[in-house]
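The values are calculated or read from the model by the stated rules, or taken from the named source; none is laboratory data. This is a predicted model, so every value here is computed, not measured. Side chains are part of the model used for accessible areas, which takes the heavy atoms of the whole protein and leaves out ligands, DNA and RNA. Shrake-Rupley method; radii C 1.70, N 1.55, O 1.52, S 1.80 Å.
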Amino acid sequence: MRYKFLLTMSTAVLTVAASLFTVQPAAAAPGPRVDAEKPIDGRAILLDVYSPAMDTVVTNRVIPAPGGGPAPTVYLLTGIGGGADGISWWDDTDVRQFFGDKNVNVVMPIGGAYSMYTDWHTDDPVVGRARWQTYLTRELPSVVDARFGTTGRNAIAGVSMSGGSAVDLAIQAPERYQAVASYSGCPWSADAAGIAMVSAQVVRGGANPGNMWGAPGAAGWQVHDAFAQAARLAGKTVYLSAASGMPGEIDRGWGFPPVEAIAAACTSAFAARLGRLGIGAVHIDRPAGAHTWGQFEYDLHDSWPHLARAIGA
């Protein structure tokens, strides 16, 4: 009996000891997911998506493709206010009517003001935890593809601040997008002029550019130098448009002629860079246009046949 008792106690002690030293598997990190969904206009919906990278929920306006079958996706980024300011494709253009009969899912994220839609190295008191590149190139597409049963072919387009960002995202995630468009944007380099241009947009919102890619001109800036990385756009459809800044019939609303003139210079320089690399791009240099939503809407319409062919819409 004493032997059996000791054997039982020894077994119990060893079992407890083993449990103390056993490495338990770590809980799986949460993935991106649909947090909420509600209809807003016709077949359009508000799609709230949880972003693990930013630990927040991002609201996206989505116009699903008609018919419900597999369709490609176009991601439309808005200007410097991120759309939360009531200035966006949804608020200021005919995007709902234009895409009403087109076989494509249209996704318009809300948020990212003054962030350049990139991953920031350091959290910032103004923009917070900005991991927009991760969200736009990985998290959001995975949710959209699963929710809408897409074909997996994508285009990304941006306007004004996000024009250069759209080009950068297509460079950073070349496998994600088959086409990219920049409307009155400014693809940037990591030289003094490019650093000043990007920093001015960040500072306008009160954020610190050093929190984005590190010290001006540091390695983080070099990675996002569109001119240096332009070869990674080979094989994609690239549409670049800007105007002179002179107001014209194409405009609607109050314009910003100096901003458009700067965008035209950046856009022309980047188109020339692509040309030297042998990368064909559609480059539209309009004689009139003053950085207005009338102009942006016109260019969206003009670019669509090029983007549609690239993604099979």
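Structure summary
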quantity: Long-range Cα-Cα pairs in region 269-313 (distance over 14 Å), rounded percent; calculated: 62
quantity: Shape category assigned to region 65-126 from the gyration tensor of Cα positions, a/c cut at 1.5; calculated: oblate
quantity: Gaussian network model of the chain, springs between alpha carbon atoms under 10 Å - residue of LEU169, LEU77, LEU46 with greatest fluctuation; calculated: LEU46
quantity: Accessible area expressed per residue, the chain, with surrounding protein chains retained (probe 1.4 Å, Å²); calculated: 44
quantity: Computed helical MRE - 222 nm, the chain, DSSP H runs ≥ 4 contributing -39500 (n - 2.57), nearest 500; calculated: -10500 deg cm²/dmol
quantity: Three-way shape call for region 213-272 based on the alpha-carbon gyration tensor, with the a/c threshold at 1.5; calculated: oblate
quantity: Cα extents of the chain along the three principal axes, largest first (Å); calculated: 102, 49, 38
quantity: The chain: relative contact order as a whole-number percent, Cα under 8 Å and 6+ apart; calculated: 15
quantity: Percent carbon-and-sulfur accessible area, the chain, ignoring ligands, DNA and RNA, probe 1.4 Å; calculated: 59
quantity: Kyte-Doolittle at least 0.0, axis length at least 15 Å by Cα - qualifying DSSP helices, the chain; calculated: 2-21, 161-172, 192-204, 257-276
quantity: Region 141-284 shape via C-alpha gyration tensor axes, a/c threshold 1.5; calculated: rounded
quantity: Largest-first ordering by accessible area, 1.4 Å probe, given options PHE256, PHE148; calculated: PHE256, PHE148
quantity: For region 219-313, radius of gyration divided by Kirkwood radius, i.e. Rg to Rh on alpha-carbons; calculated: 1.01
